[in-house]
Every structure is written in structure tokens, then in C-alpha cells.
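Quick notes on the structure that follows.
The values are calculated or read from the model by the stated rules, or taken from the named source; none is laboratory data. The structure presented is a predicted model; accordingly, all values stated were derived computationally and were not measured. Because the Cβ atoms are built from the backbone with ideal geometry, glycine has one as well, and the counts that use them run over all protein chains shown.
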């Protein structure tokens, strides 16, 4: 028996090594295909117990009678909910083992398309950006889910329309896992010290600008900025989006008031950090808030989880609150511009039925409850999940109101050219914010390039 067991372990080890080497070769090939010159992040295969290199469970292989499915994610070991989700699913589904393919966030959007184009049979694919989602759908690399949704009786109401936002050609190719949108975070201590009232939900942008002026003080390294707008183009242009405008319009004059206001805050009021400094310094959006250099910061709902975890580790002492984001006076309150994170099934999945069971778990109430318990807003929301979220230790009073939204507008466009469009917008955005182009000229150039791209 010992000899048979040893031979079995050797076979499993050889199989695991073969899979690892094949995946590494595929990843090495595509590492040279990326358009940016950033440091390449590695890929690691893991189980619920941790990385393949250090996990005893990883070497044990799949138990007899189990089906092993492969799940691709980014930053598995540094994201608090992935392991809990996998462990929870395996506990409820002992006939399925989840093998995690952990790909670094920097390279994820580059590697996934190449991986699937190679005929890889990975089962469950986490979608990091809508650009990749549209591209994979266009290439027929994701499985349509509508029939599975109907057969399984999945209640779509708790997604609050996020599922409709990611339909392409009236087909659903993923279930929403997260549906992030921006809210306004603020530093309670800085407001208390200044004797200024805390921000309120649904302030107008004029009110926000005046509040940022009041909260700006000091000089040099001791300066405290009233507001903070990150360098991502979407951190700015999202505030001009509504039901009448999208980033696929090809006419961006509607964004003029947004750019003019944030440039005025940066250049005239000096209440926002300099865009060029943030860009060239590659400043992470969390740093100024953790270091209490900014009184208010517009950032995604995911930031709440990050703040809580960072405080728990003793790496920041910031006392914080949150309210709904500001709006222009003519915009309807309660509307949020969202950016969903879907989870999909590979068209060539080795185990589609088991993969669907896993997707259901992640994207409906069981997975939503786990996300909420860790301070992360799930896409699937009901009274139970929201109650769990707002009662997480460290979550500030009033967070329920901060995340309340009546309807969602999708930030990204479900078109094949989404990636190329985003690149154009990003390039022209930089030139405007750096002062190389005026707002009028920059938006006109942005429109010309996008119209050419879309043949408008």
C-alpha cells in the first residue's frame, strides 16, 4: 500500500508540474505582448490553503470522486476575500476542488486574452476590466449564461440592474460579483480640527469646491489639501456621465464643466494635489488619505475595505467617514456611475456544470454575505448583505446612506473598441490635465480620434 501511495503521489506531482510548466510557458510568451513597460507580476497556482509552493494541500491533489476546476483571479494572496470564498464553496460542495490561478494585477488584462486564445480549459474567469470582457465576448471565448440563469432560477433583482449593464447583444456572459462606484471619503479629525462641518451627501460640485477651499491649509510638506482627484481618467470624466451621455458618443463637450472645475481647484484654489506630481510620482490613491494629507477623497466603494484593513494592521490611524458623491445642480441625485466586476465561464471550460455552481456561489447570496462580512460591497445586494456590510467593525456610522443609489449608469461601454477608446481618452486626458492642451482643444481632439475609431 505504501508503494502504491508513493506511486500515486509521484503521478500527481508530475501532473501538477506539467500543468505549472505549461502555464508558465504560456505566460512567458504573453509577457512580451504587453503595451506598458511595467514590472511583470508572476503567476501562482494555489488552493484554498495557499500557494502551490508552500501549501500542503496543493501537493495532496484532488480527492477521489472530486472534480477539480480552475479559477483565475488577480492578487489572490493579498485580497482578503478570495480564500474565504473558495473555502466556503468547497465546504458546501465537497465534490468540487478549486485550483486557483493567481495572476498579478498589473499583467492580468494582458495575460487572460492570450491564455484563452491558446485553447486553455480553465473554468472560471474573473473579469478585471470591461475592456477585456467585451474583447473576450467578441472572440467567442466566454460562455453565454442566460440559459443557466433561467434553469437555476437565479433571482436577478438584487443586482439592481448591474446585470443588464453588462449584456452584450442582449446576452449575459458573466454574473456581477462586485459593482463598484465612487463615494466621498473624508477625514473626521481634520474637519474637527478646522471647526468645519462634515460633508453631506449629494452636495453640488460648487459646494464641494468651497468646502475643499476651507479645508486647505499649510505649505510644503505640511500642506493639507481639501480634496483629492486621482489620475485615472475615470476619476474625473465619470462626473459628467448621465443617461444622455456616454464615453462612446464621440462628442465630449459635455465634460467641459468637469475639467474646468477640477483644473480650477488644482491651479487656482490649490485645493487639489498637482496632477503632474501625482502622475510622475506614481502616487497610489490610498497614500494621501492614510497619511492625512487630504481632507476629502473621491474613490470607489472598495476603498472602505482597504481603510479598515489598513487600520487593523496599525498602518494608519485615520478617523474617517463617507457620504454620497457630489453632483452638478441639474443632475438627478441618487445616480451612481458604476464599474462592475463580472465572473464568467470559459467557452472551453473543462467542467462547465461545476464552474456554473461556483459562479452562482460567488455571485449570489452566499458569496455576497462573505464579501459584506469583510467590508466589501457586493453586486448582489439585499437587506441581509447590506446589514452585514454596514455593521462590520470599523465601518463608520452613516455608511448605509453613503452607498445608497437609486440607479446605475455604466462607466465603460460594451463595444468591441472599448480598449482602444479608453487609450485615446487616457492620452488626451493627460494632455488636458498637464496643461499641454486647453480643455476645448483637448476635448475636441478626443472626439475626433474616437469618431475616427468608431467610424462616426
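Data table
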{"quantity": "Among the residues listed as 355, 344, 322, the single one being within 17 Å of the chain's Cα centre (by Cα) and surrounded by 18 or more Cβ atoms within 10 Å (Cβ to Cβ)", "calculated": "344"}
{"quantity": "Yes/no for residue 355 being in contact with a strand residue (DSSP E or B) (Cβ under 8 Å, 6 or more places away or on another chain), closer than 28 Å to residue 187 by Cα and either assigned by TED's automatic domain parsing to the domain that holds residue 302 or assigned to a helix (DSSP H, G or I) (or both)", "calculated": "no"}
{"quantity": "Filtered residues of the range 119-141 (kept if over 16 Å from residue 165 (Cβ atoms) and touching a strand residue (DSSP E or B) at 6+ places or on another chain (Cβ under 9 Å))", "calculated": "120, 121, 122, 123, 124, 125, 126, 128, 136, 138, 141"}
{"quantity": "Residue 180 surrounded by fewer than 22 Cβ atoms within 10 Å (Cβ to Cβ) and in a strand (DSSP E or B)", "calculated": "yes"}
{"quantity": "Residue 107 vs. criteria crowded, with 18+ Cβ neighbours inside 10 Å, modelled with pLDDT under 95 and part of a helix (DSSP H, G or I)", "calculated": "yes"}
{"quantity": "Test: residue 315 is over 19 Å from the mean Cα position of the chain (by Cα), surrounded by fewer than 20 Cβ atoms within 10 Å (Cβ to Cβ) and in a helix (DSSP H, G or I)", "calculated": "no"}
{"quantity": "Residue list for the range 425-436, filter: buried (at least 18 other Cβ atoms within 10 Å of the Cβ) and either in contact (Cβ under 8 Å) with a residue 60 or more places away in the chain or under 21 Å from the mean Cα position of the chain (by Cα) (or both)", "calculated": "425, 429, 432, 433"}
{"quantity": "Test result for residue 187, in contact with a helix residue (DSSP H, G or I) (Cβ under 8 Å, 6 or more places away or on another chain) and buried (at least 20 other Cβ atoms within 10 Å of the Cβ)", "calculated": "yes"}
{"quantity": "Which listed residue, of 448, 404, 422, is more than 18 Å from the chain's Cα centre (by Cα), in the same structural domain as residue 263 (by TED's automatic domain parsing) and not in a loop (DSSP other than H, G, I, E, B)", "calculated": "448"}
{"quantity": "Set 46, 72: member being assigned to a strand (DSSP E or B), assigned by TED's automatic domain parsing to the domain that holds residue 123, at pLDDT below 50 and surrounded by 15 or more Cβ atoms within 10 Å (Cβ to Cβ)", "calculated": "46"}
{"quantity": "Close pairs from the range 124-148: first at positive phi, partner in a loop (DSSP other than H, G, I, E, B), Cβ under 8 Å, at least 6 apart", "calculated": "140/347"}
